[in-house]
Amino acid sequence: MSEAQLTSPVGVDAVVVSAPAAGAGTFWRRLRAQRAALCAAAVAGLLVLFALTAPLLILLEGADSTTYHPELVDSARGGVPIGSFGGASGSHWLGVEPQTGRDLFARLAEGAQVSLGVALGATLIQVAVGVSVGLAAGLGNRWVDQLFDRLTDVVIALPLVVMALAMLAVVPEDFPRPLLVALIIGLVAWGTIAKIVRAQTIALKSLDYVAAARLSGWNTWRIARRELLPGLAAPVLTYSALLFPVNVVIESALSFLGVGVKAPTASWGQMLAAADVWYQAAPQYLLLPAGLLFTAVLALTVLGDGVRTALDPRAAGRLRVGTRAGQGPAAPAPAADTAPRKEGAV
């Protein structure tokens, strides 16, 4: 691929395409070279496994996330769990919730499913809508480009919390709340990825191989599918990897503010909202969801940064100072002969 430089719009990092995107083998080799990314991938994998096996783990514990256990809390002390470590026992591995007595491990496991599932669903919606709008804007004529570009600007300017409140006012109460939160995030926050795809499409469609495909009689859809989408894979995957942990935080923030997932459905943000008054009497009720949320966001962010580095097409061309391409350290240049020559010497 010929060298092409893409300068993103305001608020989007610049992307420079100077070589074809890394293949699968090159990508994995570069990713394995980053120890922090590998550790983050292991932690993220454990969290995903925890979320996927949540029903089995809850069944193994023998509890559920909705049953109240008033006999396990001390009503005279305001509902503090009875026993040490929040009432932890063989029947309740991490103790119980204050006031309600609901099993804390079951709610954390269900919260992992909800928080990670909502973030994943929102990311997929953002990628689908953003890539579609960005491609349409980049491949359309001047009027189509201006229309979609102005639409994208409007979407970027929309306040997420206000839109969430507006949608919650018109959506029926029986509509699944996790799905609604994923739709809200996905349909409101796709503007940045649309800007990235539009700018990358404009840069790619001016290259020789795209012009050759157009002269061969290919229609716009075939050119987009066969020529442009492979070139868009690296920036889209890079941004998606960094967008996923952001969506985890957004879901938790919406649930914490009371406009996201609500009880009895558990999510880490909703648990934090209910635990803010128990940090002294039952600190594990606050620390456990906060610790899982912090670990998930940190691991996913580090992994996303590792994916960005591994997909960077400039990584193959970077050279260490004092080295030559394909060779070891550069040999030192021979020192200049500064000794005085004898008169008549050759």
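Quick look at the numbers
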quantity	calculated
Flag if T100 is surrounded by fewer than 17 Cβ atoms within 10 Å (Cβ to Cβ), hydroxyl-bearing (S, T, Y) and under 19 Å from L288 (Cα atoms)	no
Residues of the range 281-311 satisfying the condition of being modelled with pLDDT of 90 or more, among the β-branched types (V, I, T) and more than 13 Å from the chain's Cα centre (by Cα)	T295
Among (1) more than 22 Å from the chain's Cα centre (by Cα); (2) over 18 Å from G86 (Cβ atoms); (3) buried (at least 20 other Cβ atoms within 10 Å of the Cβ), the one test that W278 misses	(2)
Test: residue in the range 153-171 that is under 17 Å from E251 (Cβ atoms) and surrounded by 18 or more Cβ atoms within 10 Å (Cβ to Cβ)	yes
Neighbours by Cβ (under 6 Å, 6+ apart or cross-chain): first from the range 138-162, outside any helix (DSSP H, G or I); second modelled with pLDDT of 90 or more	L158/V188
Selection from the range 241-284 of residues that are in a helix (DSSP H, G or I) and of a type in the set (V, I, T)	V246, V248, V249, I250
Residue within the range 51-59 that is under 20 Å from S267 (Cβ atoms) and in contact with a strand residue (DSSP E or B) (Cβ under 9 Å, 6 or more places away or on another chain) present	yes
Which numbered condition T53 misses (of (1) under 28 Å from V118 (Cβ atoms); (2) buried (at least 16 other Cβ atoms within 10 Å of the Cβ); (3) not aliphatic (A, V, I, L, M))	(2)
Within the range 172-191, considering residues that are small (G, A, S) and part of a helix (DSSP H, G or I), the one surrounded by the fewest Cβ atoms within 10 Å (Cβ to Cβ)	G186
Residue match in the range 200-209 (condition: more than 20 Å from V129 (Cβ to Cβ), touching a residue at least 12 places away in the same chain (Cβ under 8 Å) and among the hydroxyl-bearing types (S, T, Y))	yes
Candidate set from the range 103-124 (those that are hydrophobic (A, V, I, L, M, F, W, C) and surrounded by fewer than 19 Cβ atoms within 10 Å (Cβ to Cβ)); member that is nearest to the chain's Cα centre (by Cα)	L120
Residue check, T53 more than 26 Å from Y279 (Cβ to Cβ), modelled with pLDDT of 85 or more and not small (G, A, S)	yes
Matching option when the condition is surrounded by 15 or more Cβ atoms within 10 Å (Cβ to Cβ), at pLDDT 85 or above, touching a strand residue (DSSP E or B) at 6+ places or on another chain (Cβ under 9 Å) and at negative phi, among A194, A136, A199	A199
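The values are calculated or read from the model by the stated rules, or taken from the named source; none is laboratory data. Values in this document were obtained by computation on a predicted structure and should not be read as measured data. No Cβ is skipped: glycine too gets one built from the backbone with ideal geometry, and neighbour counts run over all protein chains shown.
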